[in-house]
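A.B. asks: Take this structure first; my questions come after.
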Amino acid sequence: MPPILLTVYPDECDAFGHLNQAAFLSLFERARWEVLRAGPGMDVFDRTGAWPAVRRTVIEYHAAAYPGDVLRFEQELTHVGRTSFTMRQVAHRSTDDALIATAEFVFVCVSRNGRPVPVPEEFNEFMAARRRHRGELQRLAVNGVTLAVEVRGDGPAALFIHGYPFDHTIWTHQVAALEGWCRIAPDLRGMGQSDAPDLGYSMETYAADLAALLDLLGARDVVLVGLSMGGYVAFEFLRRWRERVRALVLVDTRAEADTPEGRMARDTSAATAREQGAAAVADAMLPKVLGASTLGGVPATVDRVRTMMAATPVAGIVGALGAMRERADSTPLLRELAGLPALVIVGDEDEVTPPAQAKAMVEAIAGASLVVIRSAGHLPPVERPVETTDAILAFLAGLP
Ligand code: MLT
C-alpha cells in the first residue's frame, strides 16, 4: 500500500502561512482513516464493536509546511497489547523529502459503554501485514561482511546502489514509491550501517557483495539503479554478471576512470579522513554534491546530506576512495550494452558528474534515454525526489 499523500490547505495555516500545529492532529487522523479506507474498511471498528480512544499523543514538529505542500504520511503499529495499541506516524514533504513531523499515538479500544475490549484481530492482522510489506532494515551476512539492507515489496527486483559517502537512505522516496517491485536498497560495505572492515575495498568486492546479497534474497534477475559510485559498481556488476541484469538506470555517474589529478585528489581526501575524520570530508564535499538550488533553498536537505556523510566510518571512506581510484575505465563496456534497456538521469546543476558526461553515456549505449532533472545537483533522488521517482517509474513501466 502506498503512503498517504495529503495536501496542506490555507485554512490549516497560521498568519505566517505555516501549517498550524493543531491542524496536524487532523492530518494525522485523516491519514489513519485513509489507511483503513484502503484496507479493512473505515467501519472496521464499528463492525467489531471496539472503538479506539486516544489515550496519549506525542507530536514533534521538525520543519514548517506551507499551503500547497503535499505531505507523505507513513504509519506503523509499533506495539499491540491486548486492549491497546501504539501507532507511529511520520510526515515528509513530497517535493524535497524533508521531515516535517513525527507523532506517536496510544489508543485503548473501548466498547460503546466505555469498557476496555481487545484490539480487533482484523485490524491487527492488516497492520502487521503492512509492516512485513514495508520491510525493516535487515542485517544479512554475505561475502564475509554483514550488510544492512532495506527490502520492500514484492515483484521483479530493483537493486538501488548508493554513491560515496552516502547510504541506502538516499533512495528513501524511490523505495517508498515504486509499488509492484521488490526494492532492495543496501548500505555498501563501509557505509551506512553495514560492516566497515579496515581493508578489502574494490569495485569487484562491492559487486560481489551485491551478487551474493541478491542470491541470498532469491533475486536472480535485477534492474540495477546506481548513483555515482553506485554506477561504477553497476558497471563492475555488468562486466561479471551481465546475464542477471534486466535493465540499467545510471544516475549522476560517469564511465571514465579517474584522471591522474583525480587520483591525487583521492589521496588528499583519504588523508583528510584519516587525520580530521569524516566530518571534514563531509564539509569539503557538501558544496560539490548538492546543487545551488538545494544549497541556497532547502536547508533540511543540506543538513540531512551532511549528517549522512559525516556518519560514514573512516575505514569505509578510505576504502571507497581507494576503490574509485583504482576502478577500470568503463567506456568500452557502454558499447557492449546495446539491447539492454537503459536510462540515464542527471541533475542539471551537477558539477561532480555534469550533464555532458551523462549525454556522452547516452550516446554510447545504443537505445538509452536521458532525463535531466531541473534544480538538482549530484543527488537528484534526494534533491528532487518526486521528479526522480517519476522518471524511474516511467522507465520501469516501459520495460518488456
Ligand atoms: C559519488 O557520489 O559516489 C562520488 O562523488 C563519486 C566520485 O567521487 O567519483
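The values are calculated or read from the model by the stated rules, or taken from the named source; none is laboratory data. This one's a predicted model, so the numbers in the text were calculated from it and none came from an experiment. Here the Cβ is made from the backbone with ideal geometry for all residues, glycine too, and neighbour counts use every protein chain on show. Just the protein is used for accessible areas: all its heavy atoms, side chains included, with ligands, DNA and RNA removed. Shrake-Rupley method; radii C 1.70, N 1.55, O 1.52, S 1.80 Å.
A.B. asks: Please calculate how many Å² of accessible area the chain carries per residue, with a 1.4 Å probe and no DNA, RNA or ligand atoms counted.
C.D. replies: 42
A.B. asks: With angles folded into 0 to 90 degrees, how steeply does helix 385-397 sit against the dominant principal axis of the chain? Use alpha carbons for both and round to 10.
C.D. replies: Once rounded, the angle reads 80 degrees.
A.B. asks: Quick check: net charge around Leu334, other residues with Cβ under 15 Å of its Cβ, Lys/Arg +1 and Asp/Glu -1?
C.D. replies: Around Leu334, the surrounding residues sum to +1.
A.B. asks: Sticking with this structure for a sec: Given a Förster distance of 51 Å, report the FRET efficiency between Glu179 and Thr268 from their Cβ-Cβ distance, rounded to the nearest 0.05.
C.D. replies: Values: r = 44 Å, r/R0 = 0.85.
Efficiency, from the Cβ-Cβ distance: 0.70.
A.B. asks: Name the residues whose placed amide hydrogens come within less than 5 Å of the amide hydrogen of Ser194, ignoring near sequence neighbours (fewer than 5 apart) on the same chain.
C.D. replies: Residues meeting the criterion, in which the H sits 1.01 Å from N, are Ala148.
A.B. asks: Would you calculate, for the chain, the mean residue ellipticity at 222 nm contributed by helices, counting each DSSP H stretch of 4 or more residues as -39,500 (n - 2.57) and dividing by all residues, to the nearest 500? Before the final figure, lay out the partial values.
C.D. replies: On the way: 15 runs with 162 residues, N = 400.
It lands at -12000 deg cm²/dmol.
A.B. asks: In degrees between 0 and 90, to the nearest 10, how far off the longest principal axis of the chain does helix 203-217 point, with axes built from Cα atoms?
C.D. replies: So the helix axis and the longest Cα principal axis differ by about 40 degrees.
A.B. asks: Let me ask something additional. Using the Karplus curve 6.51 cos²θ - 1.76 cosθ + 1.60 with θ = phi - 60°, what ³J(HN,Hα) values do you get for each residue of segment 252-265, in whole Hz, with x for Gly and Pro?
C.D. replies: Rounded to whole hertz, the list is 6, 9, 8, 9, 5, 6, 5, 7, x, 5, x, 5, 5, 5.
A.B. asks: Let me make sure I get this right: for segment 255-379, a, b and c are the square roots of the gyration tensor eigenvalues over alpha carbons, sorted descending. Under 1.5 in a/c it's rounded, otherwise prolate if a/b > b/c, else oblate. Which is it?
C.D. replies: On the way: a/c = 2.53, a/b = 1.33, b/c = 1.91.
Since a/c reaches 1.5 but b/c is at least a/b, the shape of segment 255-379 is classed as oblate.
A.B. asks: Follow-up question, since we're still on this one. Counting Lys and Arg as +1 and Asp and Glu as -1, each charge on the Cβ, what is the dipole of segment 4-127 about the Cα centre in debye, to the nearest 20?
C.D. replies: 540
A.B. asks: ³J(HN,Hα) across segment 179-195 via Karplus (A = 6.51, B = -1.76, C = 1.60, θ = phi - 60°), whole Hz, x for Gly/Pro?
C.D. replies: 4, x, 10, 8, 8, 10, 10, x, 8, 4, 3, x, 9, x, 9, 7, 4
A.B. asks: With the radius of gyration and the Kirkwood radius both derived from the Cα set of the chain, what is their ratio Rg to Rh?
C.D. replies: My calculation puts Rg/Rh at 1.01.
A.B. asks: Can you compute the modelled spin-label distance between Asp14 and Leu399, with each label point 7 Å from Cα toward Cβ, in nm?
C.D. replies: Each label point is offset 7 Å from its Cα along the Cβ direction, giving 4.7 nm.
A.B. asks: Continuing with this model, one more query. Using only Cα atoms, tell me the angle between helix 278-289 and the longest principal axis of the chain; keep it within 0 to 90° and round to the nearest 10.
C.D. replies: Compared with the principal axis, the helix lies near 80 degrees.
A.B. asks: Continuing with the same structure: Using a probe of 1.4 angstrom, how much of the accessible area of the chain is carbon and sulfur, in percent?
C.D. replies: Heavy-atom surface of the chain belonging to carbon and sulfur, 1.4 Å probe: 53 percent.
A.B. asks: Another one. Need one number: nm distance between label points at Arg374 and Arg220, each 7 Å from Cα along Cα→Cβ, rounded to one decimal.
C.D. replies: Distance between the two pseudo-spin positions: 4.4 nm.
A.B. asks: Using only Cα atoms, what Kirkwood radius does segment 4-127 have, in angstroms?
C.D. replies: 15.2
A.B. asks: Place +1 on the Cβ of every Lys and Arg and -1 on the Cβ of every Asp and Glu in the chain, take the dipole about the Cα centre, and give the residue among Pro332, Gly398, Trp33 whose Cα lies farthest towards its positive end.
C.D. replies: Trp33
A.B. asks: Quick one: if you stick a label point 7 Å off each Cα along the C-beta vector at Leu286 and Glu351, how many nm between them?
C.D. replies: Inter-label distance under the simple model: 1.5 nm.
A.B. asks: Cut-off 18 Å, label point 7 angstrom out along Cα-to-Cβ of Glu122: give me the residues of segment 48-90 whose amide nitrogen falls inside.
C.D. replies: What the label zone holds, given the 18 Å backbone N cut-off, is 48-53.
A.B. asks: What relative contact order, as a whole-number percentage, does the chain give when Cα pairs under 8 Å and 6 or more residues apart are counted?
C.D. replies: 14
A.B. asks: Using θ = phi - 60° and the Karplus curve 6.51 cos²θ - 1.76 cosθ + 1.60, what whole-Hz ³J(HN,Hα) does each residue of segment 32-39 get, with Gly and Pro shown as x?
C.D. replies: Here the 3J(HN,Hα) series is 5, 5, 4, 4, 5, 4, 7, x Hz.
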